[in-house]
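Notes for the one structure printed next.
The values are calculated or read from the model by the stated rules, or taken from the named source; none is laboratory data. On a predicted model such as this, the values are computed, not experimentally measured, just so you know. A quick note on method: Cβ atoms are made from the backbone with ideal geometry, for glycine too, and the neighbour counts reach across all protein chains shown.
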């Protein structure tokens, strides 16, 4: 027994001795090692010749080289698909009262090889004749107006042509504040012009007449003639359709604030115009105020939204007819939380009139569920 105790004790002593030896070795090696590495780093950092010899020479993309920042590749990809549009309205008054014909200048974006072109509605509104000029000089006078949408100020044209240059798109791209964007159009009929800026804000609704519109705000300059042109990112992918209309509508005679309809919204509008010739949106007949978990109105972007208090209830609208009341606090619409009002509005707008959707709301301390039949939103011409 004593012999066994002695052996175990001897092993522990040996283990401790080895551990101390390793610690002494580490303390002896690490300081000069770190000192040597630090000196080497300083020498390489302050010696361009040695840095160039030791570090790999990784080529940068052409748009990000240190001596030359350029978006020419993006312009080359997108510019051929941006066209010039002239429209002319002839007065219907008798000749002796007739004034000069009204001409509009704008731009457009080729969305398909077979000739579908997106532009702004105000560019072709009430036009008796529309002319489209491509970047290669071809002119088209037989232009068909497929349809238009006054809420987004978009119109869809069609020309009889094939194998046209189509604007590059990236459906997975999401616009973020700070993204570099390029506006391509024909301002003041000066010929195709490129202006550059960044996305300043997204989800702008107050500048429009409808919550169903959702604009991008940016500072790439657009002027008369730019309307209907392309807003692209630094890769040349379509970000939106530019419009000077929303700025002039509010008399915003200031610099650095311009607007565009996001590509995702423009794509949906174009699809509906191709299928139906018009844009059909659902309508429920009320407005709402965001509230928090205590029922207080939310006026900032930091407080979580948990409900929407019903206001301005249309007395003959679908919601009123279904039994929705003023001051009801809606929690969900069609299964979607009202914490994300943009998704809810999109769901309502895309719901076919005549279909039912479920409201989950809070009234008199109880949760209730009410089915509402969606009506069609009437738009002003």
*Of all the residues that make up segment 227-244, how many are under 12 Å from residue 173 (Cβ atoms) and assigned to a loop (DSSP other than H, G, I, E, B)?*
4
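Based on what the data block shows, is residue 295 surrounded by fewer than 18 Cβ atoms within 10 Å (Cβ to Cβ) and within 28 Å of the chain's Cα centre (by Cα)?
Details: surrounded by fewer than 18 Cβ atoms within 10 Å (Cβ to Cβ): yes; within 28 Å of the chain's Cα centre (by Cα): no.
For residue 295, the condition - surrounded by fewer than 18 Cβ atoms within 10 Å (Cβ to Cβ) and within 28 Å of the chain's Cα centre (by Cα) - is not met.
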_Unique residue being modelled with pLDDT under 95 and on the phi < 0 side of the Ramachandran plot when the list is 166, 177, 143_ = 177
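Is it the case, given these coordinates, that residue 201 is over 24 Å from residue 77 (Cβ atoms), in a loop (DSSP other than H, G, I, E, B) and modelled with pLDDT under 95? Working first, answer last.
Working: over 24 Å from residue 77 (Cβ atoms): yes; in a loop (DSSP other than H, G, I, E, B): no; modelled with pLDDT under 95: yes.
So residue 201 fails the test.
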*Looking at segment 340-359, which of its residues are surrounded by fewer than 16 Cβ atoms within 10 Å (Cβ to Cβ) and outside any helix (DSSP H, G or I)?*
340, 352, 353, 354, 355, 356, 358
_I'd like to check something: does segment 124-135 contain any residue that is over 24 Å from residue 236 (Cβ atoms), crowded, with 23+ Cβ neighbours inside 10 Å, at pLDDT 95 or above and in contact with a helix residue (DSSP H, G or I) (Cβ under 7 Å, 6 or more places away or on another chain)?_
yes
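For segment 362-372, give me each residue that is assigned to a strand (DSSP E or B) and either without any contact (Cβ under 8 Å) to a residue 40 or more places away in the chain or not assigned by TED's automatic domain parsing to the domain that holds residue 306 (or both). Spell out the reasoning first.
As a first pass, look at segment 362-372 and keep what is assigned to a strand (DSSP E or B): 362-363, 366-372.
Residues satisfying the conditions are 363, 366, 367, 368, 369.
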*Is it the case that residue 230 is at pLDDT 95 or above and in contact with a strand residue (DSSP E or B) (Cβ under 6 Å, 6 or more places away or on another chain)?*
yes
*What single numbered condition from (1) out of contact with any helix residue (DSSP H, G or I) (no Cβ under 7 Å at 6 or more places or on another chain); (2) at positive phi fails to hold for residue 285?*
(1)
